[in-house]
Amino acid sequence: MQQHPQGGLLDEPRRRPRRRSSAPLALVLAIIVGVAGAAGVIRAADQRTAKVERIEGLEDILVAVDGPAVNYLLIGSDSRDGSNPAASDFGGIGDTSDVQGRRSDTIMILRQEKDGNGAALMSIPRDLLVTIAGSGKQDRINSAYNQGPEVLAATINQELGIPINHVVDVDFFGFKDLVDTVGGATICFDFVTLDENSGLAQDPGCNLLDGVQALAYARSRHYEEFRDGEWRKDPTADLGRIKRQQAFVATIVNATLTKLQADPFLASELIDSVSAAVRIDNGLDPISAAGTLRKAFSTGLVTYQLDVRGEMFNGKAILRLNDSSKPVIDYFRGFGPLPVAPVAE
């Protein structure tokens, strides 16, 4: 038996076969589309999504759709607004005294072909060094979101040349509710795993995670596994987290669709959870986008990570793009063909 650093005995670490999803899908937009299409509740969805909070100040930043594809900026925000000191994960999340305002925990670009014949998802490391739009200062791209989603969108357009047509912003607490509404998500672990910063602590095996545990998994940047008699930290940090997040997105979307097939009446509750979890730009109509998004997702979604290298800049660990990232970025710019799909490790 192995003593876990956070207390309690865990079974001796043992290898388990890892399940992989062939089509990681795109966060909350995919959930909304899945609900509306699978349950046949377009009218109910329309009424509820009309109440979704809108993000102001994007009118002069977002680019009008003029071409064969639409780019969505998907942001996972770690706002502490509304945190509950009585919640089991309060120690790992904290409140507004720990983090003021919002920070981006996840940055993704979803490119969807307007005819519904393809879609791709690219994750942007939050430690990528960029010049922040409107400031002329170089910093991690994560810091752009501190000034608002409009600054993040403008920075991505300015630095990567990727036009942003729509923005979807997902918060901590809505994320937990969403996972709990669909009954949790099953994630497989090869070894005893923990992250004392996020609150993650799992035995080996395929475990059903509730909203609190799922959030700890998705946020983990100090991911450790007990292997060969010692604790080993994931050396890839944010890049490793991106892989885990993309796999988790697939898991929660698949769980949502499975749950809806078994219980169509869950749709109303799920739509409420989604609507409470997101903020979107004024020009985005989730229901009108449902048809082509659903068609694109039905054939799977290709996911990409940017090839980067680590450096130090002004005393901070940062990431810079390698030249091999250019074909992927060009595709999201609308200049090049869909790159060859990455091979699963």
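None of the figures in this text is laboratory data; all of them are computed from the coordinates on show. Predicted model only: the values in this text are computed from it and were never measured. Neighbour counts run over all protein chains shown; Cβ positions are idealised from the backbone, glycine included.
Some points to look at:
- For the range 119-127, 3J(HN,Hα) per residue [Karplus equation, 6.51 cos²θ - 1.76 cosθ + 1.60, θ = phi - 60°, Hz, x = Gly/Pro]: 7, 9, 10, 10, 9, 10, x, 6, 8
- A straight chain from GLU59 to GLU230 at 0.36 nm per residue would run longer than the Cα-Cα distance by 56.3 nm.
- Kirkwood Rh and Cα Rg combined as Rg/Rh, the range 102-178: 1.00
- Backbone amide hydrogens, once placed in the peptide plane, bring THR303 within less than 5 Å of LEU121, excluding anything fewer than 5 places away on its chain.
- Alpha-carbon centroids, the range 114-151 and the range 208-260: separation in whole Å: 22
- Using θ = phi - 60° in the Karplus curve 6.51 cos²θ - 1.76 cosθ + 1.60, the 3J(HN,Hα) couplings for the range 314-329 round to 6, x, 10, 6, 10, 10, 10, 6, 8, 4, 5, 6, 4, x, 5, 5 Hz; x is entered for Gly and Pro.
- Given R0 = 25 Å, the distance between the Cβ atoms of ARG309 and GLN138 translates into a calculated FRET efficiency of 0.95.
- Table column - 3J(HN,Hα) (Hz), the range 239-247, Karplus curve with 6.51, -1.76, 1.60, x for Gly and Pro: 5, x, 5, 4, 4, 5, 5, 5, 5
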